[in-house]
Every structure is written in structure tokens, then in C-alpha cells.
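The structure appears right after this line, and notes come after that.
The values are calculated or read from the model by the stated rules, or taken from the named source; none is laboratory data. Just so it is clear, the structure is predicted and the values come from calculations on it, not from any experiment. FYI the Cβ positions are ideal-geometry reconstructions off the backbone, even for glycines, and counts take in every protein chain you see.
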Ligand SMILES: [Zn+2]
């Protein structure tokens, strides 16, 4: 199947038309040249902007699909949460919601077990905070998971009085939830992928193994089947999350390691979680949060990080570590210092790169560590910087420095933020929350438009080792591209805000059309 797309403005090119054959671009040229070629279909793009599609290099695709299928609490006050819960449909005996944040609550409003018990004491209610690192549950849930007093284990905390469930304790709640069958998992993946397509994304780095199920196998099977059945509308580079070494070695023993798979579904790096989130005060800082005695905590020991990294290295698999606070970054950097080869050929890396110190930024660049940044976080996080000790703010969210010094690719961490590269580009360029106008210091870390866009295109493809076949409109490259109603490389910010994806093509197939 050959398709000619003509009458377009093409990024970084004087050409106005392209010809695709099946999943590849085979020719780029003028309208005249391309329309002279034989094609099954010709699409007039009416002068719109054609560019490579976006790559979101860290998200949770299946988790996002589930999130979109659940009760969404983002932006809700406590009163609104109450109204939603009272009207919620009980699915498989549970009410499950996600996305709440105290930032949206009115003065004096507290979400806790007592509040949820006032909705129901018989139906289990489990709400996940917007960051995904904390839940609040009612007493029915605590009863189901056998908690009758405060609980504390490595990186896991449950507060009996408030119903707060943190970090490694969260899987205990998920284990009690009704388990989605394979068909449901696939629907979640499809829902997540369709949302990506709507926002111009056809390539994702996605961490899914433990985000819904307790064991990697169910999720891996679902992805492999969907890839085989050609049902994926985004290319998935799976960031393989493990928290149990035995399970990870079982995975390796089965023959899986980085690069196994194809350009639709591929095994990516090992993913480790080393601390929590800022909003929940569980991101591990080297000193206490402002007006708090807590400084968060590293939820995996440095020895265990090392064991994981060494094991992965033996199979040529890189490790990427979720590390938000500088104390977590310290632990990871000490391990990487010994275990990462010169020039970092496997792309070992850090996910988030938020609260960092000067010495850490310098080390990351010197070691060429891969950085998975989320400029969309500025929207929510700029208002949270007041709780970070002042001397830790100066080198935090160092997006421009990282982009210029190593591979820093952008993403959403969906469902923490729903993926929206255009919004991510605006936030990278302005470094100012769109929601509330609060700027994120320092201003010197604002990215140029070119850098901001390329963090979702060129750097994303490079991060995932696909830059020789994705991220450019050139013959031989995959036909993964988007059509926008404005030239986002040159338009002003106001126009950029209004810009919408008109069409998304992935592997030669139109997966979204407005
Ligand atoms: Zn994540």
C-alpha cells in the first residue's frame, strides 16, 4: 500500500510531500515529484505541519489505560471527591479511584480513613494519590489486607488511624483488589495507546510489569500477544520493573533481556524504584522537608540496587532508577559509578531527575547517564518547591543542563500527568505552571523551543536506540509522523497552546484523525 501525503510544511525540510509504502517513508520531495509517483491514496494536508511523531520515554501505558477507565479525582476538592464516591459504580465489589492531591483541597479538608468510612464501611474504597506513591483506603480495605495496627517494613508504611498506605505497602492493596483478566489488561493497553495517539505519540518507554499485577508474567504476555496480533498503536519499549531479585533472575533465565523483541514491542531496561514522591514527602532528601522532621526515605538498600544492576549488566541490560530526592540519587550514583562502562553504551539512567545537587548534575553529565525528564511536572511541582530546603532548589529540575550535557528525553510518567507533549514543550520553554502561573526556578534551565521539541523527538528516539529509523522524515525511516495545525517550531506561545494534533500515523497506519 502506497500513500502520498502532499501540500504540507515538513519539519527541517524544503520538501512538501512524502510517499509511504507500508510501514516506511520511501520518498520525500515536492508535491509535483510525489504526485507523479504511483500511489493507492493521496492525502492533501492543506498546508499543515508534518513532523515526526512524539516519543514519551517514561510512562505506565497499561496503568494509564486503567486510570482512564476508573474514577478520576484529579483537580477535585475533598467535597467533590465525596460527591464522586457517593455516585460511583461499584465494580467487582470495589470502588477504586486515582489522582487526588491535597493541593486541590480547601482549607481544613483532610482525606483519611474516617472520611472514606463515612461513604462506606462495607465496600472497599482505595484511592491512589496523583503521584502513585501513596494511597488512602477505608477500614474495609485494611481489614481485607489484615492490617489492625500501624505497619512498617522496608520501604513500606501503613498508618492504621489515617488509612494512609505508602510506597512498598501499595502492592498489598493491589493484591487484594479484583485481578483484571487478560482481556481487561489488553483493553487498558488499547485505551492508553489511543490516548497517546490523540496527543501525537507513537513511541513509548513504558513501565507496566508491577503497576497492575504483582508478577510480570501476565503483563508481558498481554503485550506480546498484542504485538503479535498487530493490535499495538504505539511502539512499546518495556521498562521492566522488578522489586524481587529472584523474580528478575527467573525473567532472565527465560531468555528475556534488553533488546529482545521487535520495533513494536521490545524489552527495554530494568526499572528500579528507589524513593517516593515529593507531594507525599517520601522522595528521599539529604535533609528534612521544610517545616517537617521527615526527609523521605530510600525504599531499597544500596546493596540491593547493586545486586540488581550487576545481574542486569551480566545480561547486557541497563538499569534505570526512579530517583526523585537527592539522597536517592546519591545511592544510585554510587552504584553507577562502579558499574557503568565508559561512555554509558547501554544507557543506564535516572528517571525524573528532580531534586539534585550541583555535584550530582556534574556526575550525571560526566558519566553520560541517560535522563528521563518530565517537563509536564512543572505544572504541579513549581508550587511544591517551598517545601524543599532552599539550598536544594538551585540545581533542581536541571532540564536544560541535562539536555545539553547528556541524553535527556521527555515524557509524562502517565498517569501521574496525562501525556501531552505540546503542553510539555510549553512548560519546558516557559518553566512556569500553566495551571497557576508559579515559575520554577532557576530560569536559566528554561529550554529553547528546539530543545523542548527535540526532547520529545530526537532525544526520545536516541534514548530508545531507534534514532536510525525513527524521529526523522526521511526515506527509509518508519512512517511514524503527525500533522499539526501550526508550525510548532516557529509559532508563538499563544498559538502553540492552541495547537492540536490533526492526524497521527504509526507504522504507516493512521491511528488518529481529528
Ligand atoms: Zn513512573
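Below is a table of values for the structure above.
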read-out: Residue among 55, 39 that alone is outside any helix (DSSP H, G or I) and within 16 Å of the ligand (Cβ to nearest atom); value: 55
read-out: Residue match in the stretch 220-232 (condition: closer than 26 Å to residue 363 by Cβ, in contact with a strand residue (DSSP E or B) (Cβ under 8 Å, 6 or more places away or on another chain) and surrounded by fewer than 23 Cβ atoms within 10 Å (Cβ to Cβ)); value: no
read-out: Hits in the stretch 1-33 (condition: closer than 20 Å to residue 489 by Cα and assigned to a loop (DSSP other than H, G, I, E, B)); value: 7, 8, 11, 12, 13, 14, 15, 16
read-out: Selection count where residues are in a loop (DSSP other than H, G, I, E, B) and in contact with a helix residue (DSSP H, G or I) (Cβ under 8 Å, 6 or more places away or on another chain), scope the stretch 272-299; value: 17
read-out: Those residues of the stretch 93-114 which are out of contact with any helix residue (DSSP H, G or I) (no Cβ under 7 Å at 6 or more places or on another chain), surrounded by 15 or more Cβ atoms within 10 Å (Cβ to Cβ) and not in a strand (DSSP E or B), in sequence order; value: 101, 104, 112
read-out: Options 136, 184, 191: the member that is free of Cβ contacts under 8 Å to residues at least 12 places away in the same chain, more than 16 Å from the ligand (Cβ to nearest atom) and within 23 Å of the chain's Cα centre (by Cα); value: 184
read-out: Criterion (over 19 Å from the mean Cα position of the chain (by Cα), under 30 Å from residue 224 (Cα atoms) and touching a residue at least 24 places away in the same chain (Cβ under 8 Å)) met by exactly one of 50, 71; value: 71
read-out: All strands (runs of 3 or more DSSP E) inside the stretch 121-166 with 2 or more residues being over 27 Å from residue 64 (Cα atoms); value: 151-153
read-out: Any chance residue 309 is outside any loop (DSSP other than H, G, I, E, B) and more than 16 Å from the ligand (Cβ to nearest atom); value: yes
read-out: Qualifying position, being assigned to a loop (DSSP other than H, G, I, E, B), more than 16 Å from the ligand (Cβ to nearest atom) and either without any contact (Cβ under 8 Å) to a residue 12 or more places away in the chain or out of contact with any strand residue (DSSP E or B) (no Cβ under 6 Å at 6 or more places or on another chain) (or both), among 429, 417, 342; value: 342
read-out: Among (1) crowded, with 23+ Cβ neighbours inside 10 Å; (2) outside any helix (DSSP H, G or I), the one test that residue 179 misses; value: (1)
read-out: Tally of residues being part of a loop (DSSP other than H, G, I, E, B) and surrounded by fewer than 18 Cβ atoms within 10 Å (Cβ to Cβ) across the stretch 71-87; value: 3
read-out: Residue selected from the stretch 398-414 under the condition within 16 Å of the ligand (Cβ to nearest atom) and part of a loop (DSSP other than H, G, I, E, B), by the criterion surrounded by the fewest Cβ atoms within 10 Å (Cβ to Cβ); value: 413
read-out: Scan of the stretch 334-357 for residues that are touching a helix residue (DSSP H, G or I) at 6+ places or on another chain (Cβ under 7 Å) and farther than 30 Å from residue 289 by Cβ, ordered by number; value: 339, 347
read-out: Candidate set: the stretch 313-331, residues that are under 24 Å from the mean Cα position of the chain (by Cα) and in contact (Cβ under 8 Å) with a residue 60 or more places away in the chain; chosen: the one nearest to residue 272 (Cα to Cα); value: 320
read-out: Lone unmet requirement of (1) at pLDDT 95 or above; (2) crowded, with 20+ Cβ neighbours inside 10 Å; (3) in contact with a strand residue (DSSP E or B) (Cβ under 6 Å, 6 or more places away or on another chain); (4) more than 21 Å from residue 411 (Cα to Cα) for residue 238; value: (4)
read-out: Complete set of residues in the stretch 358-386 that are more than 16 Å from the ligand (Cβ to nearest atom) and under 23 Å from the mean Cα position of the chain (by Cα); value: 360, 361, 364, 365, 368, 369, 378, 379, 382, 383, 384, 385
